[in-house]
Structure formats: C-alpha cells, structure tokens
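Read the structure below first, then the notes.
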Amino acid sequence: HGVLADIGVSGRHYHTPEWGFSFADGPLDMRLGTEGPAASDIVNEWNEGRLSKLLTQAGERRGRRIAKGLVEARKKGPITRTAELADLVAKLVGETGPRGRGSHPATKVFRALREAVTGELTDLADFIPSAASILAAGGRIAILTYTWEEERIVRKEADALVKGCI
C-alpha cells in the first residue's frame, strides 16, 4: 500500500571513474547506458547561452562565467575527461579546492550535466502521477530527494495531485 523511491545516484557511480560522474579522471560521459548524448557532447556542442541556462537553473550562481569559459576552452580542443572539466571549472571560478562545506567547485556543474544527460528530473516528474495512479486508497508515496531541484519537483507534483481533494 505504498511506494518508496530513493532517487539518489548510487555511490558506485561516483567511485567508478569510467561512468564519468566523479572528479577522478575518467571519460566525460554520465550516461547510464550507451544511448543519447554524453556529457562531453553537451559541453562541446551546446552554445554559451544554452550552457549558461543549464548551469544557472541548477543553482550555479557563476553559470554565465563558466559557460563562457567552457566555450573558450573548447576552441583549443574538445573537453573529454572529467578531471579536465573539474580543473577547468575550478580555475574559472577562482577556487582550487573544496568549498567551505567540503564540496568541489564543479559540483553543481557536474550535477547539471548529469541531469541533462540522464533526464532524471523529467523522469521524476513523470513518475509521481504514475505511482499515485497505482496506489490503493490510503496508500502513501515516500520519495527520498537529495537536491533542491528534486524536492521542488516532488512538492509541485504532490500539490497537483491533492489539488481539489477534501
């Protein structure tokens, strides 16, 4: 009589550089399979405006500066490695190490790219009404979220589901 969804990415993805999710050197991929564009495609093919919008919507306050720097950097050659991107972003924002809470300066950039590659936020928004449609009367949906974007989507979809209910 319930649905539990843990929508976090597995630690295995972050600890295996071949997946392209971590700052450790690996291919700039971030796909969970072989279909669709890789993160390197986005970094190397999207124009500055589109990159800036992606980054700022993910909460990166320096999104415009980073997008401009990525476009400039790729003129020298494609950006294909995770460590290369992480180092480049750190240089662009003027930080060389982890932020005050311990996160790397490229954390939001990597998250934005991953979400664009996997479509996970769209999938989350689609999942909630589908899960609700199979619940028995009185059933519950519990969703573990890890970012404010995920929480915002859950709240919006939940509000839409209960609108008009007594």
*Mind checking which residues of region 140-166 are among the charged types (D, E, K, R) and open to solvent by 50 Å² or more (accessible area, probe 1.4 Å)?*
Arg140, Glu151, Arg152, Arg155, Lys156, Asp159, Lys163
*Subset of region 51-98 that is of a type in the set (Val, Ile, Thr), within 26 Å of Arg152 (Cβ to Cβ) and without any contact (Cβ under 8 Å) to a residue 24 or more places away in the chain - its residue that is least open to solvent (accessible area, probe 1.4 Å)*: Val89
*Looking only at region 136-166, which residues are outside any helix (DSSP H, G or I), aliphatic (A, V, I, L, M) and at pLDDT below 90?*
Ala137, Ile166
*region 18-50, residues that are loosely packed, with under 15 Cβ neighbours inside 10 Å and polar (S, T, N, Q)*: Thr34, Asn47
*Kindly list, by first and then second residue, each pair from a residue in region 102-127 that is among the basic types (Lys, Arg) and part of a loop (DSSP other than H, G, I, E, B) to a residue that is modelled with pLDDT under 95 and crowded, with 22+ Cβ neighbours inside 10 Å, limited to pairs with Cβ atoms under 7 Å and residues at least 6 apart or on different chains.*
none
*asked:* Looking at (1) touching a Phe, Trp or Tyr at 6+ places or on another chain (Cβ under 6 Å); (2) open to solvent by 90 Å² or more (accessible area, probe 1.4 Å), which one does Ala137 not meet, given that it meets all the others?
replied: (1)
_Return the pair list, or none, for Cβ contacts closer than 7 Å from residues in region 23-50 that are closer than 21 Å to Asp87 by Cα and among the hydroxyl-bearing types (Ser, Thr, Tyr) to residues that are open to solvent by 80 Å² or more (accessible area, probe 1.4 Å) and in a loop (DSSP other than H, G, I, E, B), at least 6 apart or on different chains._
Ser40/Pro78
*If you scan region 141-158, which residues turn out to be in contact with a strand residue (DSSP E or B) (Cβ under 7 Å, 6 or more places away or on another chain) and free of Cβ contacts under 8 Å to residues at least 60 places away in the same chain?*
Val154
_Hits in region 1-45 (condition: within 15 Å of the chain's Cα centre (by Cα), assigned to a loop (DSSP other than H, G, I, E, B) and modelled with pLDDT of 85 or more)_ = Leu28, Asp29, Met30, Arg31, Pro37, Ala38
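The values are calculated or read from the model by the stated rules, or taken from the named source; none is laboratory data. Just so it is clear, the model here is predicted, and its values are computed rather than measured. Positions of Cβ are generated from backbone atoms using ideal geometry, with glycine treated the same way; all protein chains shown enter the neighbour counts. For accessibility, only protein heavy atoms count, side chains too; no ligands or nucleic acids. Shrake-Rupley method; radii C 1.70, N 1.55, O 1.52, S 1.80 Å.
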